[in-house]
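Bear in mind that the values in this text are calculations on the coordinates, not laboratory data. Since the model is a prediction, treat every value here as computed from it, not as a measurement. Here the Cβ is made from the backbone with ideal geometry for all residues, glycine too, and neighbour counts use every protein chain on show.
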Amino acid sequence: MMNIFKKTIFSVLFSLLIIGNVNADKIKIGTEGAYPPWNSKDASGKLIGFEVELAYTLCRYIGQQCEIVEQDWDGMIPALIMRKFDAIMAGMSITAERQKAISFSQGYADEVASLAVMKGSDLEGMNTPEGINLTLGGSGVKKTLKTLTGALAGKTVCTQTATIHQNFLESGDVGKINLRTYKTQDEVNLDLASGRCDVALAAAVAFTDYAEKSGKPVVLVGPTFSGGAFGNGVGVGIRKDDTELLKAFNKAIEKARKNGDISRIATKWFGFDASM
Amino acid sequence: MDLELMINSLPKLLSAAVITLKLLSVSLIIGLFIGLFFAILRLNKNIFINRFAYGYSYVFRGTPLLVQIFIIYFGLGQIEYLRSTVLWVILKEPYWCAIIAFALNTGAYTSEILRSAFQTIKPGIIEAGKSLGISNKVIFYKIQIPIAIRQSLPAYGNEIILMMKGTSLASTVTIMDLTGVAKYIISTTFKPIEVFIVAGGIYLFMTFIIHNVIKFLEKKYSFN
């Protein structure tokens, strides 16, 4: 009896060892699965989106098998560092703050951020330029930030936690606001619709995608934001000591860009060419 | 191990612990009244009142606290009609949504704790009161309730500790309690182990205090 028991345990452990080895050959890529159209899940729970499709394309160029794993946004970088996966493709913008902890490949796509409100809000019709680039600066940017500071004063502004959007709102560029942070963008959208948030900040596509799918009257207001706290495009996050993989991803992105793969996949998911 | 980070995050986490304690104490006070109310309903002979009280405790003890918070916060927020009523003034605030969920949850457990305490009171004690000519009302308030509270102290102490840990779920509805601030610090430092160890230590310390206060009360009001 004891013998059978021992044998079973041994074979289970042995098979786990084999499975572990099979997986070791695969590149594991972490994504959130809750930030459409970058990455999300379909009704059956399968991961889909721009980055999921792009990840498989890049892996084909690298010549290795990939496995995409799901990870909550707020634990994304710690999970990479703790080797739960080898790369992040989760709409993660390249910022100086994150680069202290991990490396980034060259950017593969870029997006602009925007504020959004529900139709009928008093923030609608703000007198601001179409878009501002915080890196470029200038008097136009300063004036716009001043307008925003006045408009957002005393308002509850909602955004997803640990994002470039939160960094911007905390930078003081728009003065003191009542900031509320959420675990996922879905929750930001829900509370914007319910009226708990006066205004929300995220990637412009995150709002247009939500408005389209939910039918809720969410409208973009103010300028679109880029540069500065908003980083330099979205890249693949990789552990600092993993220089080989970084090189491989950089090469693959280069190739995919040349062949028009990134543009094609971006246009499919965003409705416009968000590649870079 | 980043000791510097642990030391630097301690003051921020301690001030967040105050929010945790606030959430805990307010929900416990409201929950105690709810619990007492429903415990008394449970002792009622009327089957409808009895079943109603039982149904309440059954639902709130039978579903996860996280689900209750989500239903109250995100769920009720989706009902358009509710947003036009006065109730929305309260439900709009994450803080009150969390308090409502915690109070209803702990109220359900407290009602069970108190009910069983009422039922274990020896009939002899009540009969002794009656034989002295004390009215039923006075017997209830001056004899039954104090004995029931003393009887339920150990179980209620456990409930306080469970509830204290339960308040960490407030961070899921944007409240910056101890867990919320810990997560916030991690989101900028990317070092979960250090920060969660400090946060866990603070929770442990609070448990230690609660545990000892209950132990002291148990001794003080001991029957021996």
Label-point gap, in nm, between B:I7 and B:F37 - each point 7 angstrom along Cα→Cβ: 5.0
Kirkwood hydrodynamic radius (C-alpha pairs) into Stokes-Einstein, chain B, 20 °C and 1.002 mPa s, D in µm²/s: 109
Local net charge near A:I48, Cβ-Cβ under 14 Å (Lys/Arg +1, Asp/Glu -1): -2
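Could you work out the Kirkwood radius for the stretch A:70-215, taking every pair of different alpha carbons, averaging 1/r and inverting it, reported in Å?
It is 16.6 Å.
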Top of A:D198, A:D25, A:D110 by mean-square fluctuation, Gaussian network on chain A, Cα under 10 Å: A:D25
Packing rank of A:246-257, B:193-204, where each peptide gets the mean count of other beta carbons within 10 Å, highest leading: A:246-257, B:193-204
Distance (nanometres) between label positions extended 7 Å along Cα→Cβ at A:K84 and A:S44: 2.5
For residues of B:185-193, the mean tally of beta carbons on other chains within 10 Å: 6
Of A:K176/B:K92; B:K22/B:K165; A:K183/A:K213; A:K26/A:K46; B:K45/B:K165; A:K183/A:K258, those spanning more than 25 Å from alpha-carbon to alpha-carbon: B:K45/B:K165; A:K183/A:K258
Proximal aspartates and glutamates relative to B:K183, as straight alpha-carbon distance under 20 Å, when same-chain residues fewer than 8 apart are discounted: A:E32, A:E70, A:D72, A:D74, A:E97, A:E170, A:D186, A:E187, B:D2, B:E4, B:E194
Virtual spin-label span in nm between A:E212 and A:K258, 7 Å along Cα→Cβ: 3.2
Translational diffusion coefficient (Stokes-Einstein; Kirkwood radius from C-alpha pairs) of the stretch A:157-276 at 25 °C, 0.890 mPa s, in µm²/s: 148
Translational diffusion of chain A, µm² s⁻¹ [Kirkwood Rh, Cα pairs; Stokes-Einstein; 25 °C; 0.890 mPa s]: 122
Within the stretch A:89-214, percent of DSSP bridges classed antiparallel, to nearest 5: 35
Residue among A:G63, A:G237, A:G222 with the largest mean-square fluctuation in a Gaussian network model of chain A, springs linking Cα atoms under 10 Å: A:G63
Per-peptide average of other Cβ atoms within 10 Å, ordering A:121-127, A:79-85, B:147-153, A:156-162 highest first: A:156-162, B:147-153, A:79-85, A:121-127
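In peptide A:194-204, what is the residue-averaged number of other protein chain Cβ atoms found within 10 Å of each Cβ? The partial results should precede the final answer.
Numbers: counts 12, 5, 12, 1, 0, 0, 0, 0, 0, 0, 0.
Other-chain Cβ atoms within 10 Å of each residue's Cβ, averaged: 3.
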Anchor B:K219: aspartates and glutamates whose Cα lies under 19 Å away (excluding residues fewer than 8 positions away in-chain): B:E159
Cα-based equivalent ellipsoid of the stretch B:24-100: semi-axis lengths in Å, sorted from largest, via gyration tensor: 26, 15, 13
Projected-area average for the protein assembly as shown over all orientations - Cα convex hull basis, square nanometres: 32.9
Residues of the stretch B:20-49 with amide N under 19 Å of the 7 Å Cα→Cβ point at B:I143: B:40, B:43-44
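Sort the following peptides by mean Cβ neighbour count (other Cβ atoms within 10 Å, averaged over residues), highest first: A:214-220, B:31-37, A:40-46.
Per-residue Cβ counts within 10 Å, averaged per peptide and sorted highest first, yield B:31-37, A:214-220, A:40-46.
Quick one: work out the % antiparallel among DSSP beta bridges in the protein assembly as shown, nearest 5.
Taking every DSSP beta bridge within the protein assembly as shown, about 55 percent pair in antiparallel fashion.
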